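Have a look at the structure below before the remarks.
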Amino acid sequence: MEEVGKQENLATDELPKRKTNLGKEVFENVAPLSVDIGGSFTKIVYWRPPNPPELPDYIIKEFQDTKEAGTFPLIPDPSLKIHLAEDGRTDGTLKFLKMPTGKAHDFIQFLRKTKVHQSWGLRKTDEVNATGGGAYKYADEVKAKLDITLKQRDEMRCLIRGLNFLLLNVENAAFTYDTKLDRQVFTSGAESLEKDAKFPFPYLLVNVGSGVSILKVESEDSFERISGSSLGGGTFWGLCKLLTDLKSFDEVKEMTLHGDNKNVDLLVGDIYGSDYSSMGLNAEVIASSIGKVATTRTDIKPDYK
């Protein structure tokens with residue numbers, strides 16, 4: 001993690017490129033997957049190989065179509081394809097998955113047994129781009145068991161380059177929340193550029209992983225880490241395990257769909273009786289997370305449900 005105040009430049013890697021039928025530039029001669037091995041979870045983006053095996057139960061498939069579960073679905077996009085075929089193999093479709101990093105050893109064994117990483121061609125996964133601390137921690141094991149070299153990339157640089165691409169090229173990639181309208185207002189990169197040639201810079205990036213990093217991004221090629229916190233996603237997941245008997249993050253997400261934060265969070269309205277208009281805060285804004293438990297709740301029971 002970069003020190004506070006350290007300035008970074010985002011150098012462009014010199015890799016061969018080609019045009020897709022959509023006019024986008026994509027890199028050739030790189031692996032058809034990338035991985036981020038964080039402290040709590042491992043995230044993988046990959047081109048779905050032909051005839052893939054059944055995934056292990058510990059894989060969190062939240063990025064697939066989970067509309068039935070109430071979470072936000074990603075609609076399959078038939079244009080998200082790239083020809084990675086060797087010896088007549090068919091194309092793959094862009095997919096995302098996540099799993100607890102604690103299952104990394106098991107997943108490596110799964111790949112070794114199924115050899116799914118060789119589905120795109122024997123040499124396609126000689127090197128795989130990887131970010132996160134696990135890119136270093138598991139490098140030797142991945143090399144020994146799968147003959148894959150994890151090519152460590154700087155996590156923050158990759159994050160910012162990807163976010164800049166989304167903000168500038170993908171419509172509705174970001175939104176603000178209008179409290180008066182009580183709905184999301186999506187950002188159009190094209191319209192924003194017409195109004196401001198510097199869009200989207202400068203902006204603050206709050207990266208919530210196991211911990212939190214806050215970065216000021218000033219242009220396409222520079223950023224500065226200005227703050228951070230040790231309280232992040234790892235803290236939340238740890239508290240869930242301490243306070244409940246839930247065993248998976250899927251179960252946690254399911255519980256959040258039915259819970260009501262007003263039962264435990266102290267809201268502005270709880271303090272002022274209504275909106276705090278002079279500060280622009282409506283009554284529904286959280287003033288203190290879990291604060292109601294300490295100040296008003298007398299009915300706390302062991303049953304977290």
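The values are calculated or read from the model by the stated rules, or taken from the named source; none is laboratory data. Please read these numbers as outputs of a predicted model, since none were measured by experiment. Please note: Cβ atoms are built from the backbone with ideal geometry, for glycine as well, and neighbour counts cover all protein chains shown. For the accessible areas, the whole protein counts, side chains as well, though only heavy atoms, and no ligand, DNA or RNA atoms are used. Shrake-Rupley method; radii C 1.70, N 1.55, O 1.52, S 1.80 Å.
Descriptive notes on the structure:
- Count of region 260-305 residues which are at pLDDT below 90, part of a helix (DSSP H, G or I) and of a type in the set (Ser, Thr, Tyr): 3
- Pairs, first at positive phi and without any contact (Cβ under 8 Å) to a residue 60 or more places away in the chain in region 190-217, second open to solvent by less than 50 Å² (accessible area, probe 1.4 Å) and among the charged types (D, E, K, R), C-beta under 6 Å, six or more apart: none
- Near pairs, Cβ below 6 angstrom, 6+ apart or cross-chain, from region 261-282 (farther than 20 Å from THR295 by Cα and of a type in the set (S, T, N, Q)) to any residue that is open to solvent by 50 Å² or more (accessible area, probe 1.4 Å) and at pLDDT 90 or above: ASN282/ASP275
- Test result for PHE72, of a type outside the set (Gly, Ala, Ser), modelled with pLDDT under 80 and open to solvent by 60 Å² or more (accessible area, probe 1.4 Å): yes
- Extreme residue, most open to solvent (accessible area, probe 1.4 Å), among residues of region 232-244 that are free of Cβ contacts under 8 Å to residues at least 40 places away in the same chain and in a helix (DSSP H, G or I): LEU242
- Of all residues in region 245-259 being more than 22 Å from THR296 (Cα to Cα) and either in contact with a Pro (Cβ under 6 Å, 6 or more places away or on another chain) or assigned to a loop (DSSP other than H, G, I, E, B) (or both), the one that is most open to solvent (accessible area, probe 1.4 Å): LYS247
- Residue in region 117-135 that is of a type in the set (Asp, Glu) and surrounded by fewer than 13 Cβ atoms within 10 Å (Cβ to Cβ) present: yes
- Among the residues listed as TYR138, TYR177, the single one being open to solvent by less than 30 Å² (accessible area, probe 1.4 Å), farther than 16 Å from GLU220 by Cβ and among the aromatic types (Phe, Trp, Tyr): TYR138
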